[in-house]
Each structure stands twice: as C-alpha cells, then as structure tokens.
Amino acid sequence: MSKHWRPHGSFIPNQSGIRLQQFKHKQIRRSRVDAEVTGKVRLSGEERSHTTDVVVIGSGIGGLSCAALLAKYGMHVTVCESHSIPGGAAHAWQRNGYHFESGPSLYSGMDARGKDANPLAHIFQAIDEPLDLIKYDTWNVIVPEGEFVTKVGNDNFVEVLKKIGGKDSGKAVAEWQALQEHMKPLARAASMIPPAAIRFDPGVLVSALRRYFGDVISSGPSALQLTGPFSKVIQGQITDPFIKNWLDLLCFLLSGLPANGTIAAEVAFMFNEWYKPNSCLDFPVGGSQAMADALVRGVTKRPGGRILLNSHVEEILMEEGKASGVRLRGGGVVKANKAVISNASVWDTFKLVPSELVPSEVRA
Ligand SMILES: Cc1cc2nc3c(=O)[nH]c(=O)nc-3n(C[C@H](O)[C@H](O)[C@H](O)COP(=O)(O)OP(=O)(O)OC[C@H]3O[C@@H](n4cnc5c(N)ncnc54)[C@H](O)[C@@H]3O)c2cc1C
C-alpha cells in the first residue's frame, strides 16, 4: 500500500486510440466508451450487444494477455468482466488516497529477453506496451518474531535465522541449508519447463510433462515433485516453525495460498531466480494494476477491441455444438464469429455451459 502511487483512475487506456467507427454495433456515445473502460457507468443490454470475432470471459492477467495478443494479430476481441475493475486477482483500488493491491506483488524477469524472461514480459513486448519497472533487492520484513531487512535471494537468510533464533538457531540454519541443496535440482528442472506448461492438475502429465519429461528427469528423480504442492517437498525436512511460516508466507506472496496450496514448480522457479548472482525482483510503477492497464490498452488500441466491465457472463451460447457467444447478466448478447475463450476457472466455466455438455465426471 502506498499513498504516492498514480491514482488508479489515471490508467484509462489511450482513449483517443479507441476507434469508434470500427465497432460493428451501433454507435455509442463517447462518454459510454469511457464508461466501458472505467467501469463507472453500467451500459444497457442494447449498448453491450454486438458481434465480434472472439469473446474472452474474464479480464484477469490471463484473459487480458490472450485478448491483447489476439487483437494484435487482427482479431476483433471483446473481454467481458464481472467486476468494475479489470485485472482479476491482480487488480487494485483506491480509498482515501491509499492504493490497495488485491494480489500479486512479486515479479521477476520482467525486462529480460528470451528464456530468462517472465512470460508476461514477452506479452508486453509483443503488444508494444513497455512497463515502467523498479528493481529492488532488499525487503523490510515485519513479522511477530521481529523486524529485519533481508536481501532477495537465499544466502543472507541464514543471518536472519541467526538473528531470530539467537544461540539456538543452529538447527534452523542446518534445515535451511539442507533445503537449499534439495531445491537445486528442482530449480534446475523448473527452469527447463516453460512456465505455461506447469499446472496443478493431472492432465499436465499428458500435455506437458510427457514433452519435457527427459529434461526434467535429467535433473534427478526429486524433480518429479514439481507438480505436487510445495508442502510435500518440505515435509519431514523443515521442522523449524519460523522457517515453516516463512515458506508459507513466500508461497502466499506467490500464489495467494500457503505451501499446501502452491505448486512446487512455482516455488522452484523463484528459487532458481534467487540462486542467480545479484538476483533482484521487479515492481511495476503503479503496481499490478499498471500491468492490467497496459494489457487493457493492448486490447482497446486495436480496431474492434473492447473491455466490457460490470458484465458478468451468465451463459455461453452454443450453436451446432460450438460456442457462438455469451449472454450477459442484466441484458445483452455478444456474438462471437470465431471463438469464446474463458479466463474463468474450469469450475466456473462449466457452470456457464448447458449441463448436458459438461462431462459427467466433472458434473458429479
Ligand atoms: C494474494 C495473492 C498474491 C499473489 N501473489 C503473486 C505474486 O506475487 N506473483 C505472481 O506471479 N502471482 C501471484 N499471485 C497469482 C496471480 O495473481 C494469479 O495467478 C493471476 O493473477 C491469475 O490470473 P488469471 O487471469 O489466471 O485469473 P484471475 O485473476 O482469477 O481472473 C479471472 C477473471 O475472470 C473473471 N470472471 C470469472 N467468471 C466470470 C464470468 N462468468 N463473467 C465475467 N467475468 C468472469 C473474474 O472476475 C476475474 O477477473 C497471487 C495471487 C493472490 C490471490
């Protein structure tokens, strides 16, 4: 939270670039277009109804990335978002001059190129929306056990453990150092798999791991732990309560969930970054919302690119077994000539399609 960040309202994406004449639906007043992207005014069903190429359900970072890339390659895209602010888990809001972040805060490799780049960095390069980034390598940490400054990376955490544990810190230090060794092959293996291939579901065995199995296993059999929760990796290894809480905190910062809900690969990626000399993290000026805003611009600056906020999809329309559009809560239908893509969770997406089309094992 910071009092000095750019107010959220200032993100309004390149409104002069919104090409009204390109919209296939009937002309809407300029103030209405602004309303679309600020979410401040609710559009009527008639104003929201139109035909486009692709409808994306949800304006999370995933949905916006997908929409911005499609728009770059010439598709007319409409993103329908339930909330009044784009960004999903990565949105922010203002109250009394303070800036609140709803989710992510740890980013790395945001200005790197090639293999070392964060996948999001590739998107921002592709849509030509560079981010203003701040690099940092120290954190000030305030926890019940005390306040300390720690460097990004793994090495200086031993000093923190010594400070917190005093003369009894020997066991904690040994556990931490053993974990560093245990994580090395996992971190190596994680760096060989594209982040997009890492998922927390059994299907990953077929779609991703089969392809990268050789690379992963070359780092040692422990690398197979990557697809399980991080809590399994540290089970039996870490008994020190402070380190356990610290790892839960790191997991929460990464995924919003503690170690038992965070995929080990995600943590291994972080360790891999932190093993590098002079490792540091990136923070976008304006917070995570600045990233969502850049992606929104990536959509709206292209012909036929629209973000409909306050627009909850309540049904995916089907024609001849194919998704043909969406029906919005409160009125309005957006027809899709080419595809409907869902950024909502699998469970939420299944609720939007006719139940007879949902596989029985999922319905149960
Ligand atoms: C507290 C917390 C901390 C985190 N920290 C980090 C971090 O430091 N670093 C990091 O890399 N990641 C972090 N993450 C994870 C990261 O935020 C998420 O992985 C990412 O933002 C998810 O994006 P998404 O597009 O997949 O989904 P979401 O952000 O969940 O977006 C889905 C969107 O779909 C919309 N939607 C759903 N159903 C409908 C519907 N029927 N109609 C219309 N819209 C709909 C939702 O409103 C939402 O906007 C953190 C997450 C949390 C919660």
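Of all residues in the range 227-277, those being more than 16 Å from the ligand (Cβ to nearest atom), more than 24 Å from Ser169 (Cβ to Cβ) and not small (Gly, Ala, Ser) number 4.
When restricted to residues that are part of a loop (DSSP other than H, G, I, E, B), within 22 Å of Ser288 (Cβ to Cβ) and either polar (S, T, N, Q) or in contact with a strand residue (DSSP E or B) (Cβ under 8 Å, 6 or more places away or on another chain) (or both), the range 42-89 contains 7. Within the range 253-280, the set of residues being outside any helix (DSSP H, G or I) and surrounded by fewer than 21 Cβ atoms within 10 Å (Cβ to Cβ) comprises Gly256, Leu257, Pro258, Lys276, Pro277, Asn278, Ser279, Cys280.
Only one of these is at pLDDT 95 or above and among the acidic types (Asp, Glu): Glu361, Glu320, Glu315. Name it.
Within the list Glu361, Glu320, Glu315, the selection yields Glu315.
Determine whether Leu357 is more than 14 Å from the ligand (Cβ to nearest atom), more than 30 Å from Ser105 (Cβ to Cβ) and of a type outside the set (Lys, Arg). Answer is yes for this residue. Of all residues in the range 347-364, those being in contact (Cβ under 8 Å) with a residue 24 or more places away in the chain and surrounded by fewer than 18 Cβ atoms within 10 Å (Cβ to Cβ) number 3. Would you mind stating whether Val152 is outside the structural domain of Ile85 (by TED's automatic domain parsing), among the hydrophobic types (A, V, I, L, M, F, W, C), under 22 Å from Gly256 (Cα atoms) and crowded, with 17+ Cβ neighbours inside 10 Å? Answer is yes for this residue.
In this structure, does Ser311 turn out to be outside any loop (DSSP other than H, G, I, E, B) and either surrounded by 21 or more Cβ atoms within 10 Å (Cβ to Cβ) or over 23 Å from the mean Cα position of the chain (by Cα) (or both)? Against the criterion (outside any loop (DSSP other than H, G, I, E, B) and either surrounded by 21 or more Cβ atoms within 10 Å (Cβ to Cβ) or over 23 Å from the mean Cα position of the chain (by Cα) (or both)), Ser311 does not qualify.
Taking the condition of being surrounded by fewer than 21 Cβ atoms within 10 Å (Cβ to Cβ) and under 30 Å from Lys115 (Cβ atoms), how many residues in the range 291-308 meet it? Adding up the residues that qualify gives 0.
The values are calculated or read from the model by the stated rules, or taken from the named source; none is laboratory data. The model shown is predicted, which means the values in this text are computed figures rather than measured ones. In this analysis, Cβ positions are derived from the backbone assuming ideal geometry, glycine residues included, and neighbour counts consider all displayed protein chains.
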